[in-house]
Amino acid sequence: MKMKHLVLTLWAFVVTTPLLWAFMSSFKTDSEIFDSPWALPSAVRVENWGRAWEQASMGKYLLNTVIIVGGALVLTMLLGALVAYCLARYTFPGNRAIYYTLVAGMLFPVFLALVPLFFVVNQLGMLGTYHGLILVYAAYALPFTVFFLHGFFRSLPSAVAEAAFIDGASHTGVFFRVMLPMARPGMVSVAIFNFVGLWNQYLLPLVLNPDPDGYVLTQGLAALAISQGYKSDWSGLFAGLSIAILPVLVAYLLFQRQIRAGLTAGAVK
Amino acid sequence: MATVTYAGATRHYPGTDRPAVDKLDLEIRDGEFLVLVGPSGCGKSTSLRMLAGLEDVDGGKILINDKDVTNLPPKSRDIAMVFQNYALYPHMTVYENMAFALKLRKTPKSEIDVRVKKAADMLQLGDYLNRKPKALSGGQRQRVAMGRAIVREPQVFLMDEPLSNLDAKLRVQTRSQIATLQSQLGITTVYVTHDQIEAMTMGHRVAVLLDGVLQQCDTPRALYDTPANVFVAGFIGSPAMNIKTVALTDEGGVFGQMILPLTREQVAAARAGGDGKVTVGFRPEDCQLVSATEGGMPVVVDLVEDLGSGANVYGHAAINGGDERFVVSTERRSMPNLGETVFVKPRTDHHHAFHATSGIRLA
């Protein structure tokens, strides 16, 4: 028991320290960051955040990211849930083939797909557009989503679906009114996972999103770090980093309260 | 109000060598409480699910009110079902659970309200309407499942072992509640159970199934008094009937020094293909413990179950060279001790005779 606590404490320390340090540094001056890296800022310099938001366009990038990740997330969850439900609960010829093809997508290295993907998106005229990135992100996140939800839908008691059929629900009705609400803990878990993954996505936008006005946060941060060159603005960089991290933290804190195992408790004996 | 007819209904699961339900013929009358009973794997649940539309029918037909429903989806059959594990919707309150079917049917809100409240009153669920299923006890969940069926006012109620997840005391209580409710509502009910006591106490008629084949369908009393074959004789009644296959003489079955008399017709029927043997049975309560001089069969007592109201005596006796086990119900006053030898004498005219190979009752 004690050992477990020790390990967990250590782990929590390792995870939170860099976050807190970056957050703290975002309120310091550049010289403070280098002279006394562990000390608290002498004054809270909010102007660092203003500089990152305005001059480094982190505000604009945040908006771009929210639109793209949000759109991709809605699309992924809707399609993923539908596909996983059909594959998990209906038997039809080709069921397994479709499932394994989708799951194989998880194993395919994204680097191999990059070049052909670029040409496809380019020829579709979707390079650097919101909808272009949303579609690619959704395709990227779909395999894991289906894999995860497939297992989840399988574990739901089929008697509840049968009860709904007898009560007069159609197939769509059973899915949206009964099975989907029952799958909420699984949906929330996989949504958080996808949100974090897509939010931090750098490789795909790097290739498919060349227009600086359309940058997402990760590209913005990279640009901020590179463009500094010799006139470094470290405090601004940390502020930009914090801007990129905060929404993920907030989203996680909000949603994690909703992951409640035992939501299905009471359905069957 | 409806009749239900199984006409040669068959279900054959792909990849199995024999049908789960084999040419089931059964007529269920309007307002009747029919119980399907049998050991696990006998096809009783499958039969019920075929009627519900949850299971394909591979042969024959199923009719509700003389209308062929064999290929209709569940929602077009106007039935309501209570599941063994209740299958409540976990994200809905008790009220929403009961109102769900009516809502899908676009019933006006005011009428839904009236019907749900009425059903809730009948089942003493009035105080729990805003709770979710997980905040209810097992018995309350069971009542919600009943309520969900009742508010529908369907043509037929289907119940798939609705009591098997309750504790013993609650089960007995709910058993009588369901029977009372059914006679009040007068809705045709098909009830599946593996528990022969439930079957005997609740059903107007009881259908006994084994290996997908209907063995006998009759009133509880008729099943008990005149079982159609050895299986029904052994399945109905607790403790089970003492059934032994013994040598056949002109007078009847030979039980050690004792002879269980058979009519001439019975003896003749038993002779045909019976290999000189006959299967006879007598119920534990249809025999007496007598003194050594009165010509009973000597049985050595292995176990005595004191039930309070009476006692079950389990023992063994050497018959035809083999050790045979017997059970006898007796009054508490004459309860023997372990290891004691008692003398068992079946009451005349209360024993049953079956053909030794086919197992069919000898009339």
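The values are calculated or read from the model by the stated rules, or taken from the named source; none is laboratory data. Computed from a predicted structure; not experimentally measured. In this analysis, Cβ positions are derived from the backbone assuming ideal geometry, glycine residues included, and neighbour counts consider all displayed protein chains.
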Limited to the range B:156-167, what total is found for residues that are in contact (Cβ under 8 Å) with a residue 60 or more places away in the chain and either in a loop (DSSP other than H, G, I, E, B) or farther than 28 Å from B:N65 by Cα (or both)? 4
With respect to B:N130, determine if the residue is among the polar types (S, T, N, Q) and either within 10 Å of chain A (Cβ to nearest Cβ) or within 27 Å of B:L48 (Cα to Cα) (or both). no
Do we find a residue being modelled with pLDDT of 80 or more, buried (at least 20 other Cβ atoms within 10 Å of the Cβ) and assigned to a helix (DSSP H, G or I) anywhere in the range A:243-257? yes
Does B:S47 qualify as being within 17 Å of B:L209 (Cα to Cα) and assigned to a loop (DSSP other than H, G, I, E, B)? no
Which one is farthest from B:L163 (Cα to Cα) among residues in the range B:100-127 that are buried (at least 20 other Cβ atoms within 10 Å of the Cβ), facing chain A (nearest Cβ under 10 Å) and among the aliphatic types (A, V, I, L, M)? B:L102
Single condition A:T172 does not satisfy, out of (1) more than 7 Å from chain B (Cβ to nearest Cβ); (2) farther than 24 Å from A:F108 by Cβ; (3) of a type outside the set (A, V, I, L, M, F, W, C); (4) surrounded by 18 or more Cβ atoms within 10 Å (Cβ to Cβ): (4)
State which residue is farthest from A:M187 (Cα to Cα) when the search covers only the range A:144-170 and only residues that are in contact (Cβ under 8 Å) with a residue 24 or more places away in the chain and not in a helix (DSSP H, G or I). A:P157
Return yes or no: is A:V74 in contact with a Pro (Cβ under 8 Å, 6 or more places away or on another chain), part of a helix (DSSP H, G or I) and at pLDDT 85 or above? no
Given the conditions (1) in contact with a Phe, Trp or Tyr (Cβ under 6 Å, 6 or more places away or on another chain); (2) free of Cβ contacts under 8 Å to residues at least 60 places away in the same chain; (3) of a type in the set (A, V, I, L, M); (4) within 12 Å of chain A (Cβ to nearest Cβ), which single one is not true for B:A145? (2)
So which residues in the range B:26-60 are of a type in the set (D, E, K, R) and in contact with a Leu (Cβ under 7 Å, 6 or more places away or on another chain)? B:K44
Which of the residues that make up the range B:61-112 are on the phi > 0 side of the Ramachandran plot and charged (D, E, K, R)? B:D66, B:D78, B:K106
Residue that is surrounded by the most Cβ atoms within 10 Å (Cβ to Cβ), among those in the range A:180-235 that are over 30 Å from A:L127 (Cβ atoms) and touching a helix residue (DSSP H, G or I) at 6+ places or on another chain (Cβ under 6 Å): A:S235
Return yes or no: is B:L72 crowded, with 22+ Cβ neighbours inside 10 Å and hydrophobic (A, V, I, L, M, F, W, C)? no
Do you know which of the residues in the range B:314-363 that are among the polar types (S, T, N, Q), within 23 Å of B:E251 (Cβ to Cβ) and at pLDDT 85 or above is farthest from the chain's Cα centre (by Cα)? B:T357
Residue count, the range B:170-183 (criterion: touching a residue at least 12 places away in the same chain (Cβ under 8 Å), over 17 Å from B:R29 (Cβ atoms) and hydrophobic (A, V, I, L, M, F, W, C)): 3
For B:L170, indicate whether it is surrounded by 15 or more Cβ atoms within 10 Å (Cβ to Cβ) and not in a helix (DSSP H, G or I). no
Any chance A:V121 is within 25 Å of A:I67 (Cα to Cα), away from every other protein chain (no Cβ under 14 Å), more than 21 Å from the chain's Cα centre (by Cα) and part of a helix (DSSP H, G or I): yes
Please go through the range B:184-218 and pick out each residue that is over 15 Å from B:E27 (Cβ atoms) and among the hydrophobic types (A, V, I, L, M, F, W, C). B:L185, B:I187, B:V192, B:I197, B:A199, B:M200, B:M202, B:V208, B:L209, B:L210, B:V213
For the range A:188-239, what are the residues that are closer than 30 Å to A:G80 by Cα and touching a Pro at 6+ places or on another chain (Cβ under 8 Å)? A:W199, A:Y215, A:V216, A:T218, A:Q219
Those residues of the range B:78-96 which are surrounded by fewer than 21 Cβ atoms within 10 Å (Cβ to Cβ) and more than 12 Å from B:P133 (Cβ to Cβ) amount to B:D78, B:Q84
For the range A:178-188, check the following and say yes or no: at least one residue is outside any helix (DSSP H, G or I) and within 14 Å of another protein chain (Cβ to nearest Cβ). yes
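Per-residue answers, yes or no, for (1) assigned to a strand (DSSP E or B); (2) of a type outside the set (F, W, Y); (3) modelled with pLDDT under 95; (4) surrounded by fewer than 16 Cβ atoms within 10 Å (Cβ to Cβ):
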| site | (1), (2), (3), (4) |
| --- | --- |
| B:M146 | no, yes, yes, no |
| B:T180 | no, yes, yes, yes |
| B:I197 | no, yes, yes, yes |
| B:V206 | yes, yes, no, no |
| B:Q216 | yes, yes, no, no |
| B:F231 | no, no, no, no |
| B:K244 | yes, yes, yes, no |
In this structure, does B:G38 turn out to be surrounded by 16 or more Cβ atoms within 10 Å (Cβ to Cβ), within 17 Å of B:D211 (Cα to Cα) and in contact with a strand residue (DSSP E or B) (Cβ under 7 Å, 6 or more places away or on another chain)? yes
Any pair with Cβ under 7 angstrom, 6 or more apart, that starts in the range B:49-67 at a residue that is more than 14 Å from chain A (Cβ to nearest Cβ) and ends at one that is part of a helix (DSSP H, G or I) and of a type outside the set (K, R): B:V57/B:M50; B:I62/B:M50; B:I62/B:L51
If I filter the range A:124-143 down to residues being part of a helix (DSSP H, G or I) and farther than 22 Å from A:N95 by Cα, which single residue comes out as farthest from the other protein chains (Cβ to nearest Cβ)? A:G132
Where residues in the range B:87-99 are at the interface with chain A (Cβ under 10 Å from one of its Cβ atoms) and part of a loop (DSSP other than H, G, I, E, B), which of them is nearest to the chain's Cα centre (by Cα)? B:A87
